[in-house]
Amino acid sequence: MTGLQDRLTPEQIEEFGREMDAIRRRIVADLGQDDVDYIMNIIRTQRGLEVAGRALLFAGFFPPAWLAGVGALSLAKILDNMEIGHNVMHGQYDWTRIPELSSQKFEWDTMAPAENWRHSHNYIHHTFTNVLDKDRDIGYGILRIDPAQKWHPYYLGNPVYATVLAFVFQWGVMLHDLEFDRVVRGERKWSDPELKEMRARMVPKAVKQVGKDYVLFPLLTGPFAPLTFLGNATANLTRNLWAFAIIFCGHFPSDVESFTEEETENESRGQWYLRQILGSANITGGPLFHILSGNLSHQIEHHLFPDLPARRYPQIAGEVRAICEKYGLPYNTGPLHKQLWSVAKKIVKFALPPRPRRETPAPDTLAGDRSRVAA
């Protein structure tokens, strides 16, 4: 773990911060109708895909139609989760004053209630990005993903926990807010008013989601209810696996750094920007890939400017990278398979206890040993 203060001089950090602020000001000044048209087109596309997917599942007796329905519904759920829900709830379109795009009013098609998510993600994660014991997204409370996390035999199951989390990711994101790990350690009480409020929001949202996908829509298809049930489950699974891969590849590849609370005390704006870059990673790909990732394939730019419309991240990525090179800072990026493999290796590596460090004998001891051998 390299200290933030060891990367750049105080003067460089402040200049670096000013350059990042300049990018932000320029994009904010340029926001306009093109941004509104973009997100509204994405919303219309998402709704069209969902209607098409639901309709095709009604023809579940015809295998090609069922497969096409699952594909369309999977894409609809991915767009709703990534490019629409995540970004709208970040406040990226609050400046439009359009109620449909209000971060405080939007609710997405996934298990986690929007209000719970906005607190745990927008505030906790984005304020304390990769700060140990503050950012609960480090390991999601169940994984050891950083060497600073103390090893316990429980972590031998790291690969299993990660695999299960990937398959049920929407449930994991919802339950993550309950902080089970802190309750088990005695750091929080299950009866805390805040946790009670979160649970009160979770139950009706989960009932609604389960009822919609696994009761209502299957029943509407009559004798083909089992196929519709299976199609909805497959679409949810596809969205879960995709979201897990994109999010983990943006936060946990090798060389992504973590920080202590002490390092971030009295943090300046420039230091905050620096921490976002050192604690993030990007994923390369084409325009469609970036849209389906919610442009979280530009996780570095997202952590730098979480409330700027995500469609702008590809436009500024080259400039951010050039500034990083100017200051000798890393800019962690690579294709999905490379980043995903890097994450998988970390999950396995940190499942095992740390190897004891071998002490290097002092030079005079080595000299004495050689003299004894020579004698």
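Which numbered condition trips up S254, out of (1) touching a strand residue (DSSP E or B) at 6+ places or on another chain (Cβ under 6 Å); (2) of a type in the set (S, T, Y); (3) surrounded by fewer than 24 Cβ atoms within 10 Å (Cβ to Cβ)?
That leaves (1) as the condition not met.
For residues in region 226-251 being more than 20 Å from E107 (Cα to Cα) and open to solvent by less than 20 Å² (accessible area, probe 1.4 Å), which is farthest from the chain's Cα centre (by Cα)?
T228
Hey, can you tell me all the residues within region 279-312 that are crowded, with 24+ Cβ neighbours inside 10 Å and either farther than 21 Å from H90 by Cα or among the hydroxyl-bearing types (S, T, Y) (or both)?
S280, S293, S297
Checking F62 against (1) touching a residue at least 12 places away in the same chain (Cβ under 8 Å); (2) open to solvent by 10 Å² or more (accessible area, probe 1.4 Å), only one condition comes out false. Which one?
(1)
Taking into account only those residues within region 24-35 that are within 24 Å of the chain's Cα centre (by Cα) and open to solvent by less than 40 Å² (accessible area, probe 1.4 Å), which is farthest from S102 (Cα to Cα)?
I27
The rows are residues; the columns are (1) modelled with pLDDT under 95; (2) open to solvent by 10 Å² or more (accessible area, probe 1.4 Å).
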| residue | (1), (2) |
| --- | --- |
| L73 | no, no |
| D80 | no, yes |
| W95 | no, yes |
| S102 | no, yes |
| E107 | no, yes |
| Y123 | yes, yes |
| L132 | yes, yes |
| R136 | yes, yes |
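Any residue at all in region 133-155 that's within 13 Å of the chain's Cα centre (by Cα), not in a loop (DSSP other than H, G, I, E, B) and not aromatic (F, W, Y)?
Within region 133-155, one or more residues are within 13 Å of the chain's Cα centre (by Cα), not in a loop (DSSP other than H, G, I, E, B) and not aromatic (F, W, Y).
Considering region 257-269 alone, what residues qualify as being surrounded by fewer than 13 Cβ atoms within 10 Å (Cβ to Cβ) and either in a loop (DSSP other than H, G, I, E, B) or touching a Phe, Trp or Tyr at 6+ places or on another chain (Cβ under 6 Å) (or both)?
E261, E265, N266
The values are calculated or read from the model by the stated rules, or taken from the named source; none is laboratory data. This structure is a prediction, so every number in the text was calculated from the model and none was measured. Positions of Cβ are backbone-derived with ideal geometry, glycine not excepted, and every protein chain shown enters the neighbour counts. For the accessible areas, the whole protein counts, side chains as well, though only heavy atoms, and no ligand, DNA or RNA atoms are used. Shrake-Rupley method; radii C 1.70, N 1.55, O 1.52, S 1.80 Å.
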